[in-house]
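Colleague: Here's a structure for you.
The values are calculated or read from the model by the stated rules, or taken from the named source; none is laboratory data. None of these values were measured; they are calculated from a predicted model. Positions of Cβ are generated from backbone atoms using ideal geometry, with glycine treated the same way; all protein chains shown enter the neighbour counts. Surface areas here come from the heavy atoms of the whole protein model, side chains and all, with no ligands, DNA or RNA. Shrake-Rupley method; radii C 1.70, N 1.55, O 1.52, S 1.80 Å.
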Amino acid sequence: MAIGLGMPPAPPPVLAPRRKTRQIMVGSVGVGSDHPISVQSMCTTKTHDVNSTLQQIAQLTASGCDMVRVACPRQEDAEALPEIARKANIPVIADIHFQPKYIFAAIDAGCAAVRVNPGNIKEFDGRVKEVAKAAGAAGIPIRIGVNAGSLDKRLMEKYGKATPEALVESALWEASLFEEHGFGDIKISVKHNDPVIMVEAYRQLAAQCDYPLHLGVTEAGPAFQGTIKSAVAFGSLLSEGIGDTIRVSLSAPPAEEIKVGDAILQSLNLRPRKLEIVSCPSCGRAQVDVYRLANEVTAGLEGMEVPLRVAVMGCVVNGPGEAREADLGVASGNGKGQIFVKGEVIKTVPESQIVETLIDEALRIAEESGQTEQDRESGPPVVTVM
């Protein structure tokens, strides 16, 4: 029996159409307005430790990462790039600072793209012609990554600090140098640790060019703070159609960045939604332990990829309505819960059986919709607290 799920139909509504950009290819991943918004992260391993780096890339891939950056600060890192680029199962981007020779090493290594930070690469402007020639011959795009913390000294002197205008001027100046030499496979980022400045910089940049843009709040902070900053900034820009790839920069394991980035895109209907837990925040009306129920249902359904909305509600005010609108839900009260499937009550169970029943019904729906245990990937579901 086919199960009709209650998530938004395809294509789901979005807040604004994507800003039209030129298109580039980062390995097998298309970047630009004709392609889905991609999520990326950066390895925390030493790149020259090839086994550890490839292992972390595999973990990121399993988390849903579309492309990954690796640092290349030393010669031994550059020497490791060919093996990493060859064995990784997602596109590898070399992250280059300080030494321009590593740009050419990354191109020769077969990396899918190169990220350059013009503000701290020695004599970068004078080497653009060589970089453009090498990258163009290899068919490798360049990301011009401007950061508030390493802005070109000339622009710091002109503007006094890393203003939106300074970040945009730096990025467009560098892009113009590449264009002078016939190279246009460019992606740009203008990152700042302040979401307000970052958002304004990207708005100005989007209005002045057609390059695809990589969004990031740099040095966003620990997991909670960084998630809030990134969600606010990305939500503002993506809701205006600005942004083609994203990285959530957290002081946390890289896989956490992918989970947050994926959840942000799902919440804006910019990526197909998976499992969504709708749960109330609890209040004085609650007659069951909503916190425990929501946490246990979330844990029990971890990794489910089916686009399923599950409502875990704790009182009689909003509970029945939310449970009825979800694919699967419970409206709880007086130590028991009414279980809803597709808007219909199928049974009433004691509070002690609510979690088990919801998990069983969710697995049944997943099985009937064609998903098997082998299809389930690791990673927690998206949780929406109401």
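Colleague: I need the phi-derived Karplus couplings for the stretch 151-159: 6.51 cos²θ - 1.76 cosθ + 1.60, θ = phi - 60°, integer Hz, Gly and Pro marked x.
Modeller: 5, 3, 4, 5, 6, 5, 5, 6, 9
Colleague: May I pose another question? Which loop trypsin sites (Lys or Arg not before Pro) in the stretch 150-228, with loop taken from DSSP, have no more than 16 other Cβ atoms within 10 angstrom of their Cβ? Display every interim value, and only then the final one.
Modeller: On the way: sites: 153, 154, 158, 161, 187, 191, 203; in loops: 161.
Hits after loop and neighbour filter: 161.
Colleague: Which is farthest toward the positive dipole end of the chain among 332, 140, 291, measuring Cα position about the Cα centre, with Cβ charges +1 (Lys, Arg) and -1 (Asp, Glu)?
Modeller: Among 332, 140, 291, the one farthest towards the positive end of the dipole of the chain is 140.
Colleague: How large is ³J(HN,Hα) for each residue in the stretch 253-264, as worked out from phi by the Karplus curve 6.51 cos²θ - 1.76 cosθ + 1.60 (θ = phi - 60°), to whole Hz, x for Gly and Pro?
Modeller: Each residue's phi maps through the Karplus curve to give x, x, 4, 5, 4, 5, 4, 5, x, 4, 5, 4 Hz.
Colleague: Measure off, as a whole percent, the carbon and sulfur share of the 1.4 Å-probe accessible area of the stretch 141-204, all protein chains present. Walk me through the numbers on the way to the answer.
Modeller: Working: 1370 of 2610 Å².
Accessible surface attributable to carbon and sulfur in the stretch 141-204 totals 53 percent.
Colleague: Would you kindly compute the Cα radius of gyration of the chain and its largest Cα-Cα separation (Dmax), both in Å?
Modeller: Over the chain's Cα set, Rg and Dmax evaluate to 23.4, 74 Å.
Colleague: Once amide H atoms are placed 1.01 Å from N in the peptide plane, what residues at a sequence separation of 5 or more from residue 183, or on another chain, have their amide H within under 5 Å of its amide H?
Modeller: Result for residue 183 returns nothing.
Colleague: Would you pull out the residues with amide H under 5 Å of residue 301's amide H, same chain only if 5 or more places away, H placed 1.01 Å from N?
Modeller: Correct list: empty.
Colleague: Can you give me the accessible area per residue for the stretch 226-334, using a 1.4 Å probe, in Å²? Provide the component values of the computation, followed by the final result.
Modeller: Working: 3800 Å² over 109 residues.
Spelled out: the 1.4 Å probe surface of the stretch 226-334, per residue, equals 35 Å².
Colleague: Using heavy-atom solvent-accessible surface (probe 1.4 Å) with all chains present, what is the largest-first order of 214, 97, 48? Walk me through the numbers on the way to the answer.
Modeller: On the way: 214 0, 97 45, 48 70 Å².
From most exposed to least exposed: 48, 97, 214.
Colleague: Next question, about the same structure. Per DSSP helix of 4 or more residues, -39500 (n - 2.57); summed, then divided by the residues of the chain. What does that give at 222 nm, rounded to the nearest 500? Let's see the in-between values first.
Modeller: Working: 12 runs with 152 residues, N = 386.
Counting only the DSSP helices, I get -12500 deg cm²/dmol.
Colleague: Lysines within cross-link reach of residue 129: Cα-Cα under 22 Å, excluding same-chain residues under 8 positions apart?
Modeller: Leaving aside lysines fewer than 8 places away in the same chain, those within reach of residue 129 are 101, 153, 187.
Colleague: Ignoring ligands, DNA and RNA, what percent of the accessible area of the stretch 1-130 is carbon or sulfur (1.4 Å)? Don't skip to the answer; put the middle values down first.
Modeller: Working: 3230 of 5980 Å².
Looking at the stretch 1-130 in its full context, I get 54 percent from C and S.
Colleague: Going by average Cβ neighbours within 10 Å, how do the peptides 123-136, 104-117 rank, with the highest at the top? Before the final figure, lay out the partial values.
Modeller: Working: 123-136: 16.6, 104-117: 22.8.
Per-residue Cβ counts within 10 Å, averaged per peptide and sorted highest first, yield 104-117, 123-136.
Colleague: Same structure, new question: I need the phi-derived Karplus couplings for the stretch 302-308: 6.51 cos²θ - 1.76 cosθ + 1.60, θ = phi - 60°, integer Hz, Gly and Pro marked x.
Modeller: 3, x, 5, 9, 5, x, 10
Colleague: How many Å² of accessible area per residue for the stretch 30-107, probe 1.4 Å?
Modeller: Working: 3020 Å² over 78 residues.
I get 39 Å² per residue for this part.
Colleague: Can you pull the one-decimal nm distance between simple spin-label points at residue 16 and residue 299, each 7 Å off the Cα toward Cβ?
Modeller: So the two model labels end up 4.2 nm from each other.
Colleague: From Cα pairs below 8 angstrom and at least 6 apart in sequence, can you work out the relative contact order of the chain, rounded to a whole percent? Before the final figure, lay out each step's value.
Modeller: Details: 825 pairs, mean separation 58.7, N = 386.
Relative contact order of the chain: 15 percent.
Colleague: Would you mind calculating the relative contact order of the stretch 1-111 from Cα pairs under 8 angstrom and at least 6 residues apart, reporting the percent as a whole number? Numbers along the way, then the final one.
Modeller: On the way: 152 pairs, mean separation 23.4, N = 111.
Value for the stretch 1-111: 21 percent.
Colleague: Show 42, 198 ordered by accessible area, largest first, where the area counts protein heavy atoms only and the probe is 1.4 Å.
Modeller: Details: 42 30, 198 0 Å².
So, going from the largest accessible area down, we get 42, 198.
Colleague: Here's another thing I want to ask about it. In the Gaussian network model of the chain, springs joining C-alpha atoms below 10 Å, which of 330, 168, 349 carries the largest mean-square fluctuation?
Modeller: Evaluated over the chain, the most mobile residue of the options is 349.
Colleague: Calculate what fraction, in whole %, of the accessible area of the stretch 264-353 sits on carbon and sulfur atoms when a 1.4 Å probe is rolled over the protein chains. If you can, show how the numbers build up before the last one.
Modeller: Details: 1840 of 3840 Å².
That fraction is 48 percent.
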